[in-house]
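Notes follow the structure.
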Amino acid sequence: MRKNLLIGISILLIVCIGLVVGGYFLYKQFSSQVDIAKDIINNQTNTNDNNLSDAATFSSKPCELLTMDIAKQILGVSELTLGPNSGSMSCTYTFLNTETQGFSMISLLQNTTDPGLAKSYFDTAKTTTYLDKIEPVTGLKVDDAYYATEFKQLSILNGADWIILSVYSNNADSDKQLTIDAAKLIWK
């Protein structure tokens, strides 16, 4: 009885240590994304405050790029829900099938800034956020693109826009191709 209790406590301690160590590495990996997001928000706030005459230059309309029709076509469904956080910088559509527990999502995050800063964010994310775990993507009508394999994100540079496009479906093996297919529909 005592031996089983000690084994149980040992297993619990190992699991707790694993959770703490895993949590630390997740925090470290995502903290660089938070810093980039803060820079994006600060730049847009400063740009809009300092250059009100060019406000249209810095407007983002991600749901005009990623339309409901494109999302339905990529996810292969007839009904989608527009995510509650969709707005000036992002657009997300989700599908949930309660009968099969199926879930699919397509999301586009758009940062519109000046071309030099957009390229800087695009290039910096390769090493700091994605840790160079990327694959170049060609054949899109954009300036540059790469796919971050661990995050399942297509990072796109198009003029003054740095865009992140992601598809998550029940068939994880097809997510990369679905994301690239969505980009091809957006930038025909």
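Each value in this text was obtained by applying a stated rule to the coordinates, not by laboratory testing. Note that the structure is predicted; figures quoted are calculated from it, not measured. Cβ: placed from backbone, ideal geometry, glycine included. Neighbour counts: every protein chain shown.
Comparison of LEU157, LEU109 shows that the only residue that is farther than 20 Å from MET68 by Cα, among the hydrophobic types (A, V, I, L, M, F, W, C) and surrounded by fewer than 22 Cβ atoms within 10 Å (Cβ to Cβ) is LEU157. When you scan the stretch 97-106, do you find a residue that is part of a strand (DSSP E or B) and over 25 Å from THR67 (Cβ atoms), even just one? Checked against the condition, which is being part of a strand (DSSP E or B) and over 25 Å from THR67 (Cβ atoms), the stretch 97-106 yields no hits at all.
Based on this model, can you work out whether THR94 counts as under 15 Å from the mean Cα position of the chain (by Cα) and either surrounded by fewer than 11 Cβ atoms within 10 Å (Cβ to Cβ) or assigned to a strand (DSSP E or B) (or both)? So THR94 passes the test.
So, PHE151, is that one surrounded by fewer than 21 Cβ atoms within 10 Å (Cβ to Cβ) and in contact with a Gly (Cβ under 9 Å, 6 or more places away or on another chain) or not? Break it down into steps so the answer makes sense when it comes.
Details: surrounded by fewer than 21 Cβ atoms within 10 Å (Cβ to Cβ): yes; in contact with a Gly (Cβ under 9 Å, 6 or more places away or on another chain): no.
It is false that PHE151 is surrounded by fewer than 21 Cβ atoms within 10 Å (Cβ to Cβ) and in contact with a Gly (Cβ under 9 Å, 6 or more places away or on another chain).
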